[in-house]
Amino acid sequence: QVQLVESGGALVQPGGSLRLSCATSGLMFRLYTMGWYRQAPDKERELVATITTDGDTNYGASVAGRFTIHRDDVKNTVYLQMNSLKPEDTGVYYCNARQGVINHNFWGQGTQVTVSS
């Protein structure tokens with residue numbers, strides 16, 4: 001059974017930092033492109049960042065330069081370091097594992113990030 005478990009969400013002040021973690025089990029982690037997506041109230045889910053099996057990264061335009069995605073293929077975990085947080089970063093952050101060859105696409109349950117003073 002595949003599980004993606006996010007953690008690290010919290011209430012933080014503007015300008016602050018958070019690190020999200022997504023621990024996985026039940027899949028061959030090193031073969032999956034991992035990603036973070038977020039969904040704000042009354043908005044569609046949007047890309048935050050992805051990292052391929054080779055370590056290539058891609059970021060949404062609104063977070064580039066402030067967020068960093070990192071994967072640990074030993075711990076089967078992907079991280080999202082978020083700096084210089086803004087109120088518009090508020091939302092539920094979801095972890096995603098994708099493997100196109102075998103058409104696998106898994107999601108975690110999400111973790112809430114709230115940026116507010």
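The values are calculated or read from the model by the stated rules, or taken from the named source; none is laboratory data. Quick caveat: nothing in here was measured; it's all calculated off a predicted structure. Virtual Cβ from ideal backbone geometry, glycine too; neighbours counted across all protein chains shown. The area values use the complete protein model at the heavy-atom level, side chains included, leaving out ligands, DNA and RNA. Shrake-Rupley method; radii C 1.70, N 1.55, O 1.52, S 1.80 Å.
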Candidate cut points under trypsin sites (Lys or Arg not before Pro) in the range 1-108, DSSP loop plus at most 14 other Cβ atoms within 10 Å of their own Cβ, are K43, K75
Given a Förster distance of 22 Å, the FRET efficiency implied by the Cβ-Cβ spacing of K86 and E44, rounded to the nearest 0.05, works out to 0.70
Here the relative contact order (percent) of the range 1-108, from C-alpha pairs under 8 Å and at least 6 apart, is 33
Excluding ligands, DNA and RNA, the carbon-plus-sulfur percentage of the accessible area of the range 1-106 with a 1.4 Å probe reads 47
Each label sits 7 Å from Cα toward the beta-carbon; between R98 and T52 the label points are separated, in nm, by 1.2
Mean accessible area per residue over the chain (1.4 angstrom probe, all protein chains present, square angstrom) is 55
Quick tally, 1.4 Å probe accessible area for L47, L85, sorted with the most first, runs L47, L85
Per DSSP, the loop-located GluC sites (Glu not before Pro) within the range 1-107 having at most 14 other beta carbons within 10 Å are E44
